[in-house]
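Structure first, then comments.
Computed from the coordinates by the stated procedures, all read-outs in this text should not be read as laboratory data. On a predicted model such as this, the values are computed, not experimentally measured, just so you know. Please note: Cβ atoms are built from the backbone with ideal geometry, for glycine as well, and neighbour counts cover all protein chains shown.
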Amino acid sequence: MRLNRLAPALAGATLLAACGTSAALATEAESVEYVRVCDVYGTGFYYIPGTETCLRVGGYLRLETGFGPLFGVDVDSDGDRDTYYTLARFQLQTDARAETEFGTFRTYSYINFQHKRDAAEAVQSAEIEMAMIELGGFFAGVNDSLFITQTYYAGGVSNDAIVGYGPFTTTMLGYKWAGSNGLSLALALEGGWNGDVIDSYMPRVVLGGGYAKDWGGVTAVVGYDSVAEEWAGKLRLDVTVNDSISLWAMAGAKTDDSAPYSQFYGVWGGRWAVWGGGAAKLGDKATFNLQLGYDAQENFAAVANIAWKVVDGLTVSPEIGYYDNFDMTDADAIGGFVRMQADF
């Protein structure tokens, strides 16, 4: 009889225990914080758990080969490029952003790990291509110089600096402003890189501006090299012909008649240089790119490629280039180049 009386009580206790366990499990499940998609800044961003910061991690794997007198390698130092140039690079990209009372707070970096065969040896290295902090228009870190980013580099070819148009990696501190009417302004203090670093407390200074509309745009930039104590500037015009064709032209000038790469900003030869080119879509998966360059010391270059999107994330770009100096005999050179890049 006692067992019969205890049975309902035991059953009730068991039920309460089971309910308590289920409630505990439910509470524990609710406390798990899953990664959320952040679509504020585009595709690929996720919220870092426990924060309102959005993060994107990506990059690419690049393989490239150059050959011929223009893009090959001189292994015996006789002045002739007699074998292939090769490079394999893995680039890791990070981009973190959050909204604050001062505007968007952004940190981003591009880190390269690469194996490069140059001259008579192959070298493996790791390098910072870009590491930047941005907040409310202010920026600081390591990046390509404002002198070239302000005027959108020099076309869609891989070897775009045969006739040089400016420096690349440098330390910098500056400010950018963009208006709703298409106007923009930028100022940067830059330090140089490797053998080009400043030698006093006076930094290099770059000032740029632009105006962009649906038809294209106009951009301009001027830079003062505090080491060489020289000025250089560029002006660029972009025109969107239609949905398939775009054209651009750019002119540069500097205050001295120096040889190529003898100062930080005006790296072309002589007091002036001009560049031009364009891009034309060849269907949904291929784009033809062309760049021409010429400077006051009669250095001429023509480079063309076809960027073929094989599948989503994989692009193969065969390229051909030609160089000559019209003031020198036997200075002409031609070369081929192929880049394969898988983005993720």
Treating only the Cβ atoms of Lys and Arg (+1) and Asp and Glu (-1) as charged, compute the dipole magnitude of region 137-277 about its Cα centre; round to the nearest 20 debye. 300 debye
Relative contact order in percent for the chain (Cα pairs under 8 Å, 6+ apart) equals 12 percent
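Can you tell me the order of 153-162, 283-292 when each peptide is scored by its average per-residue count of other Cβ atoms within 10 angstrom, highest first? Present the calculation step by step, with values, prior to reporting the outcome.
Values: 153-162: 21.7, 283-292: 15.8.
Per-residue mean Cβ counts within 10 Å order the peptides as 153-162, 283-292.
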May I ask for the angle, rounded to the nearest 10°, between helix 2-31 and the longest principal axis of the chain, with both axes built from Cα atoms and the value confined to 0 to 90°? 10 degrees
State the Cα centre-to-centre distance between region 285-311 and region 315-344 in whole Å. 8 Å
Let me know the longest stretch in the chain that avoids all GluC sites (Glu not before Pro) found in a DSSP loop with at most 16 other C-beta atoms within 10 Å. 102-228
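Report the charge-dipole magnitude of the chain in Debye, nearest 20, computed about the Cα centre from +1 at each Lys and Arg Cβ and -1 at each Asp and Glu Cβ. Walk me through the intermediate numbers first.
Working: 22 positive and 42 negative charges, 386 e Å.
Here the chain has a charge dipole of around 1860 debye.
Over all pairs of distinct alpha carbons, what does the Kirkwood formula give as the hydrodynamic radius of region 172-214, in Å? Spell out each step's value before the answer.
On the way: mean 1/r = 0.0836 Å⁻¹.
Evaluated on region 172-214, it is 12.0 Å.
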Ordered by fewest other Cβ atoms within 10 Å, a rough proxy for footprinting exposure, 323, 84 read 84, 323
What list of ³J(HN,Hα) values in whole Hz, one per residue of region 312-328 in order, does the Karplus curve 6.51 cos²θ - 1.76 cosθ + 1.60 (θ = phi - 60°) give from phi, with Gly and Pro shown as x? 4, x, 10, 10, 10, 10, x, 9, 10, x, 9, 10, 7, 10, 6, 9, 10
Which one of 259, 197, 182 is farthest out on the positive end of the charge dipole of region 137-277, using unit charges on Cβ (Lys, Arg +1; Asp, Glu -1) and the Cα centre as origin? 182
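Beyond 35 Å, how much of the Cα-Cα pair distribution for the chain remains, as a whole percent?
Details: 20610 of 58996 pairs.
That tail contains 35 percent of the Cα-Cα pairs.
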Under 18 Å Cα-Cα from residue 213, which aspartates and glutamates qualify once same-chain neighbours fewer than 8 residues away are excluded? 238, 243
Please report the net charge: other residues with Cβ closer than 13 Å to the Cβ of residue 41, K and R +1, D and E -1. -2
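Translational diffusion coefficient of region 137-277 at 25 °C, 0.890 mPa s, Stokes-Einstein with Kirkwood Rh over Cα pairs, in µm²/s as a whole number. Display every interim value, and only then the final one.
Details: Rh = 15.5 Å.
After rounding, the answer is 159 µm²/s.
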